[in-house]
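No lab work stands behind these numbers, since they all come straight from the coordinates. Please read all numbers here as calculations on a predicted model, not as lab measurements. Here Cβ is always computed from backbone atoms with ideal geometry, including for glycine, and neighbour counts include all displayed protein chains.
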Amino acid sequence: MQRGKLPIVKKNLNKLVLLLTALMFILTACSQKSSNSSNTTESTNTTESTAQAAGDSEPLKIGVILSFTGTFAPLSESIKNGLELYFEQNNWVIGNRKVEIKYEDDEANPQTALRKYRQLVDSEKVDILVGPISSSVINALRDPIEKDKIVLIDANAAANDVSWGKKSDYIYRVSFSNWQNGSAGAAYYAKNVGKTAFVIGPDYPAGHEVADAFIAAFEQAGGKVVKSVFPKLGTNDFATYLTEVASAKPDLVFAFATGTDGIRFVQQYKEFGLQGKIPLTGPLELGDELITGPAGDAAEGILANAIWVPAIDNDANKKFIDAYKAKYNKAPNVFSVDGYDSAQLIHQAIEKSGSKKSEDLIKVLKGITFESPRGTITIDAKTNNPIQNFYIVKNVKKDGILQEILDTVPNVTMPEQAPAK
Amino acid sequence: MDLSILFVQIITGLAYGMLLFMIAAGLTIIFGLLSVVNLAHGALFMIGGYFTFTFINQHLNFWLALLISVILLAILGMLIERFLLNRMYGKELEQVLLTFGLIFIFTDLVKWIWGSSPKSISIPPLLDASLTIGVVTFPVYRLFVVVVGCAVALLLWYIESRTRIGAIVRAGVDDRHMLSSLGINFKLVFAGVFAFGAGMAGLSGGLGAPILGLYSGMDNDVLILSLVIVVIGGLKTWKGAFIGAILVGMVDTLGQVWFPSFSMVLIFALMVFILLIKPSGLFGKGVDA
C-alpha cells in the first residue's frame, strides 16, 4: 500500500449537484430505454438454396422492429418466439425462397424506430416488415411506409387510428385494436357482473383508447361508470387507486393494465382485500399468461375478454401449444400467437401472390383469411384489422392459473370510422 | 375524504418512502465517505431482488433468501470497490462513466440470466394478512416495511454515533487524509462502507420485490427517485435521505390522490423548491466547503 494512492477529492459539491440533476433528467427522459444494445440476430438458413437464377427463388428478407428493451421486452420476446416457431416448422422456406429475419430494437421510442426503419429498408433492403409494439412507433412509421411502399404486418401496436384516419394500404394488423379490446366484453360484464363500474387505465394513448371504448360500450349496455382514473404508466404502487375503489364500492372494476404494471396491479388488488369482494374485469391482458403466470393466485377469479387462450378447442391451437412448449419449454401467451400469425400471414400472402413485391402482396392481403390458433381470422378489407372472436374467460386455479371460457363474442369487427363522440 | 382513507394513504406514502429511504441511504452513505455517486446502485437493488427471487425458488424461506442476497450483494459491492472503483478515486467523470457502464452490464446480465419476463415474489406467509381500517383494507406487509425502515434508521444512528466504526466513518467524511495518518486502514474502511451500501441496496431490493415486482428497467425507476431524494435531503447525510424519502413518498402518494396527472412533476417541483431555498439540500452541510 503506498501513501501516494490516497484519494484526492475535490470538494466541489456544487458541480456534482449540477451533474446529478442533469443526469436525473437524462435518466427520466430515457427511462424507457435502459440499455442501448441493438438486438440484431440473423437467422441462418439450414439448407443452402442452390437455384438463384429465377426471381421466385430469391430469399425473402423480413425486417422485424420490436421493443426488446424496457417495459415491452416480454411482449417482443414472445412475438419473436412465435415468428421463429412458425418458420422453423416450415424449414425456413416459403416455396423456393429461403427466409431471413433481421431484428431491430426500437426501445419503444419513435425516433429510434425511424432510424432502425431506415437501416432495415435502405441498407438491409428488407422485403417486408413485422412490428412494432408501441402505437407511437407505428404512428411515426406510417408515413415513411406509405412513401417507401413497403408492407408492414402489425403484430401488436393497437392504436385505433391505424384502422381509421391513418389507415394505409401497406399496413395490416394481425393482433387486435384498442377499440376491440376495450369494448368486446363490456356487454357481458354489464349483463352478468354488475351495472356500476370503476375504470382504471394507464395514462398513455392505448390506456385512454381502451377505457373510452369500454365506457361507451358499457353505458350502451345499460351500465354506468362511476369513476375512471389514469395512473401513470409504470406506477409502482396502486395503493391510492385501490383505496379509492374500496370507498367507491362499484359492482365491478374494469382495469387495463399491461406488462409489469399489470402484475403489480393484480397482486395489490389482492393485498388490499379487494379480490373476491369486488369483481375484477379487464381486456385481454388480464387473462393472459404474461400477467397471470407471475401474478399467481392473485389472478384467480378475474374475468377478461381474450382473443386467445390455451382452452380454445381447435387443431391449430393444440399443435401450436405443443410445438411452442417443446421448443421453448414454457407456455405461450397471446403475443406469441400474434408473432406466429404474422409469420403465417406472410407465408400465405407470398404463396398466394407468387411474388414478394409490395404491390402484389397488398392485392392478396386485403380480406385474407387464415387458420390461427385463435380460430379462423379474416383481415377486414375496410379497416385492415382482424375480424375475430373474443372469449369471455375466467382465471381459475388448476395447476397454475388457467382460463376457462364462459362465453364467446363472435366476429368482433371494428367500425369503419371512429364513433362520434 | 373519509378520515380512514386519508390515514391509509399516509401509511402507504410512508411505506413507499421507507423503501426509498433504504435505497437512498446506501447511495448517500457511499457518497458521504467515498465521494462516489454510485449510479449502479439501482442495478444493485435490482440484483438484490432477483437473488431473493432465485433463492425462494430453491425453496428457501423468504427471510433466509433475503439474508443470503444481502450478504452476496455486500460481497459484490466489495469486489466492485476493490477491483474497479479504487482506481478512480478523485476522478468524478471516470466514476460516472464506470458506474453508468456497470448499469448496462448488470441490466443485460439480469436479462441474460433471468430473461425479460417480469417475475414476482409472494409476500412471506407470516405477513400475508390485511388490516381493516374503516372501509378500507391494508396489507400488513407495508406496515412491516415501515417498521424495517425505522429500524434501519435507528441502526444507522446507533452505528454512526455510538460505535468505533461510526466514529471512523464520520472522521473519514470530514477529513480522509487525517484518517489515514491516524493509522487507520482506509482501504478496508472504504471497501467495508461500499459493501455496506451495496448490502443495503440488496436488502431494499429483496424487501421491495413483493411490492414492486421484478422486471428489467426497475433499476432506473428507483435510481431516479433515489437521486431526487439524495438531492432533496442533502448529500453526504443519511438523515437527509430519511426525511427526503418520506417527503418524496408522501408527495408521490398524496399527489396521486389530489393531482393524479401531476404526481411525477410534483416530486421534481419539490426538488426545485428545496434547492432554491437551500441549495445544499435540507440537511446538506456547507456546499462550498
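Taking H as built 1.01 Å from N, whose amide H comes closer than 5 Å to the amide H of A:K224, not counting residues under 5 places away?
Hits under the 5 Å cutoff: A:T196, A:A197.
Counting only C-alpha contacts under 8 Å and six or more residues apart, can you give the relative contact order of chain B as a whole percent? List each step's numbers first, then the result.
Details: 421 pairs, mean separation 107.6, N = 289.
Relative contact order comes out at 37 percent.
Below 12 Å, Cα to Cα, which aspartates and glutamates can A:K125 reach? Residues fewer than 8 away in the same chain don't count.
A:E100, A:D148
Divide, for the range A:282-337, the radius of gyration over alpha carbons by 2.2 N^0.38 Å, where N is the residue count. Before the final figure, lay out the partial values.
On the way: Rg = 11.5 Å, N = 56, 2.2 N^0.38 = 10.2 Å.
Here the Cα radius of gyration is 1.14 times the empirical estimate.
Using mean Cβ contacts within 10 Å as the protection proxy, how do B:95-107, B:73-85 order, highest first? Don't skip to the end; give the middle numbers.
Details: B:95-107: 17.8, B:73-85: 19.5.
Per-residue Cβ counts within 10 Å, averaged per peptide and sorted highest first, yield B:73-85, B:95-107.
Can you flag which of B:K187/B:K236; A:K80/A:K398; A:K98/A:K327 are past 25 Å Cα-Cα? Working shown, then result.
On the way: B:K187/B:K236 19 Å; A:K80/A:K398 28 Å; A:K98/A:K327 21 Å.
The answer is A:K80/A:K398.
At 222 nm, what value in deg cm²/dmol follows for chain A if DSSP H runs of at least 4 each add -39500 (n - 2.57) and the sum is divided by all its residues, to the nearest 500? The partial results should precede the final answer.
On the way: 13 runs with 158 residues, N = 421.
Result for chain A: -11500 deg cm²/dmol, rounded to the nearest 500.
Which cross-chain or sequence-distant (5 or more) residues have an amide H under 5 Å from the amide H of B:F138, H modelled 1.01 Å from N in plane?
B:L131, B:T132, B:I133
Would you list A:K318, A:K394 from fewest to most Cβ contacts within 10 Å? Walk me through the intermediate numbers first.
Working: A:K318 13, A:K394 18.
Final ranking by Cβ density, sparse to dense: A:K318, A:K394.
Going by Cα centres, the range A:102-133 and the range B:212-289 are how many Å apart?
37 Å
Per q in 0.06, 0.09, 0.12 1/Å, what log10 I(q)/I(0) does a Debye calculation on the alpha-carbon atoms of chain A return?
Calculated log10 I(q)/I(0) at the listed q: -0.27, -0.57, -0.96.
Using a basic spin-label model with each label point 7 Å from the Cα along Cα→Cβ, how many nm lie between A:S228 and A:T196?
1.8 nm
Taking every DSSP beta bridge that has both residues in chain A, what percent is antiparallel when rounded to the nearest 5?
45 percent
Considering every residue in B:111-120, what mean count of other chain Cβ atoms within 10 Å of its Cβ is obtained?
Neighbouring Cβ atoms belonging to other protein chains average 6 per residue here.
Helix B:41-57: angle to the longest alpha-carbon principal axis of chain B, degrees 0 to 90, nearest 10?
60 degrees
Before rounding to the nearest 500, sum -39500 (n - 2.57) across all DSSP H runs of length at least 4 in chain B and divide by the residue total; then give [θ] at 222 nm in deg cm²/dmol.
It comes out at -25000 deg cm²/dmol, rounded to the nearest 500.
Treating the angle as unsigned and between 0 and 90°, give the value, to the nearest 10°, between the Cα long axis of helix B:62-83 and the longest Cα principal axis of chain B.
The helix B:62-83 is inclined about 30 degrees to chain B.
What are the lysines whose alpha-carbon lies under 24 Å from the alpha-carbon of A:K249, with same-chain residues fewer than 8 places away excluded?
Here the lysines satisfying the reach criterion relative to A:K249 are A:K191, A:K195, A:K224, A:K227, A:K232, A:K270, A:K277, A:K394.
Provide a whole-number value for the mean count of partner chain Cβ atoms within 10 Å of the Cβ atoms in peptide B:132-140.
Counting other chains' Cβ atoms within 10 Å and averaging over B:132-140 gives 5.
Give me the mean projected area, in nm² to one decimal, of the convex hull enclosing the Cα positions of the protein assembly as shown.
Averaged projected hull area, Cα only: 32.4 nm².
Once every Cα of the range B:3-277 carries one equal point scatterer and solvent is ignored, give the base-10 log of I(q)/I(0) from the Debye formula at q = 0.13, 0.15, 0.16 Å⁻¹, two decimals.
For the range B:3-277 at q = 0.13, 0.15, 0.16 Å⁻¹, log10 I(q)/I(0) is -0.87, -1.15, -1.30.
So who's got an amide H within less than 5 Å of the one on A:V64, skipping anything under 5 residues away but keeping other chains? H placed 1.01 Å off N, in plane.
Under 5 Å from the amide H of A:V64: A:K102, A:Y103, A:E104, A:V130.
Gaussian network model of chain B, Cα springs within a sub-10 Å range: biggest mean-square fluctuation belongs to which of B:S216, B:S263, B:S117?
The residue with the greatest mean-square fluctuation here is B:S117.
Using a 7 Å offset from the Cα along the Cα-to-Cβ direction at both B:R87 and B:I75, what is the distance between the two label points in nm, to one decimal?
2.4 nm
If one takes the longest principal axis of the Cα atoms in chain B, at what angle in degrees, from 0 to 90 and to the nearest 10, does the Cα axis of helix B:92-114 lie?
Taking the Cα atoms of chain B, the angle to B:92-114 is about 50 degrees.
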